Amino acid sequence: GKKCYELVGQSDRKCVPCIAVEAIKDHNIHTQEWTDQKTNRTFLITILPILDDIDKTTSFINIARDITNLKKIESDLMNSLNVQSKMISVVSHELRTPLAAIKGGIDLLKITLTKSLDADQKNLLDIILRNIDRLHIYINDVLDYEKLRSGLVKLKLTKNDMNAIL
């Protein structure tokens, strides 16, 4: 004779929205998280309506699973991912500065010493510059990935004709 929220968390606060009301309307299984304010415990509530021969809800099967520890682990994981994301961003930005200085120095050497360098030395400078450019691209890719992952940048998806593109 008790309400589900009274049994699960010994609370007098109803779940909003009430999934039992939704289950009565559409005759489907519904699941939602609910936190009992008195105990600060989080539950995963699943409700299954039991129907009679004329599809009228006669009762429910309620399953309540205490997921408080899982929510704590999820929160800790999200915090760790945020710290990792910030670290990757800082490291990437910090790598860009000396990389720009190295590239500038190599470019200057190449311009000022062009006449005094032999073919092998010029080739070596070209290889160094190409690798600096590759590193710069990789760093930008990491930063772009972090922006996408953190939601700072949203992808604009559009339909395309792959045959025309190919």
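The values are calculated or read from the model by the stated rules, or taken from the named source; none is laboratory data. If you're wondering where the values come from, they're calculated on a predicted model, not measured in any experiment. Every residue, glycine as well, gets a Cβ built from its backbone with ideal geometry; the counts of neighbours run over all protein chains shown. For the accessible areas, the whole protein counts, side chains as well, though only heavy atoms, and no ligand, DNA or RNA atoms are used. Shrake-Rupley method; radii C 1.70, N 1.55, O 1.52, S 1.80 Å.
Give the lysines whose C-alpha is closer than 23 Å to that of LYS154, dropping any in the same chain fewer than 8 places away, or say none.
Counting by Cα, and skipping residues close in sequence, LYS154 has these lysines nearby: LYS86.
Among ILE47, ASN79, GLN37, which residue has its Cα furthest toward the positive end of the charge dipole of segment 8-134, with +1 on Lys/Arg Cβ and -1 on Asp/Glu Cβ?
ASN79
Using a probe radius of 1.4 Å on heavy atoms only, what accessible surface per residue do you get for the chain? Whole Å² is fine.
Result: 77 Å² of accessible area for each residue.
Give me, ordered by chain and number, the residues 5 or more places off THR35 or on other chains with an amide H under 5 Å from its own placed amide H.
Residues meeting the criterion, in which the H sits 1.01 Å from N, are PHE43.
So what's the gap between the Cα centers of segment 123-158 and segment 60-91, to the nearest angstrom?
Segment 123-158 and segment 60-91 have Cα centres separated by 29 Å.
Find the relative contact order for segment 1-157 and round it to a whole percent, using C-alpha pairs within less than 8 Å whose residues are 6+ positions apart. Present the calculation step by step, with values, prior to reporting the outcome.
Numbers: 141 pairs, mean separation 21.0, N = 157.
Relative contact order comes out at 13 percent.
If I model a spin label at THR31 and ASN140 as a point 7 Å from the Cα along the Cα→Cβ vector, what separation in nanometres do I get?
That separation, rounded to one decimal, is 4.3 nm.
Given labels modelled 7 Å from the Cα in the Cβ direction, how far is it in nm from SER85 to ILE63?
Placing both labels 7 Å along Cα→Cβ, they lie 3.2 nm apart.
Just for the Cα atoms in segment 68-166, what are the lengths along the principal axes, largest first, rounded to whole Å?
Result, largest extent first: 71, 41, 19 Å.
Where does the Debye-calculated log10 I(q)/I(0) of the chain sit at q = 0.11, 0.13, 0.17 Å⁻¹, using only Cα point scatterers of equal weight, no solvent?
-0.77, -0.88, -1.03
Taking the Cα-to-Cβ direction at ASP52 and at MET162 and moving 7 Å from each Cα, how far apart do the two end points lie in nm?
5.3 nm
Filter the chain for me: DSSP H helices, axial length by Cα at least 30 angstrom, mean Kyte-Doolittle hydropathy not below -1.0. List them by residue number.
Correct list, ordered by number: 68-112, 119-150.
Around LEU70, under 14 Å between beta carbons, what's the net of Lys plus Arg minus Asp minus Glu among the other residues?
That works out to 0.
Please compute the length gained on full extension between LYS110 and ILE24, using 0.36 nm multiplied by the number of residues separating them and subtracting their Cα-Cα distance.
The LYS110-ILE24 span can extend by a further 23.2 nm.
In terms of Cα to Cα distance under 18 Å, which lysines are near enough to LYS56, apart from those fewer than 8 places away along the same chain?
LYS25
Out of ILE61, LEU135, LEU166, whose Cα points farthest toward the positive end of the dipole of the chain (charges: +1 Lys, Arg; -1 Asp, Glu; placed on Cβ)?
Towards the positive end, the residue furthest out is LEU135.
What order do you get for 154-164, 119-129 when each peptide is scored by the mean count of other beta carbon atoms within 10 Å, highest first?
Numbers: 154-164: 6.3, 119-129: 12.4.
Ranked from most to least packed, the peptides come out as 119-129, 154-164.
Share of the chain's accessible area from carbon and sulfur, percent, 1.4 Å? Don't skip to the end; give the middle numbers.
On the way: 7620 of 12770 Å².
Looking at the chain in its full context, I get 60 percent from C and S.
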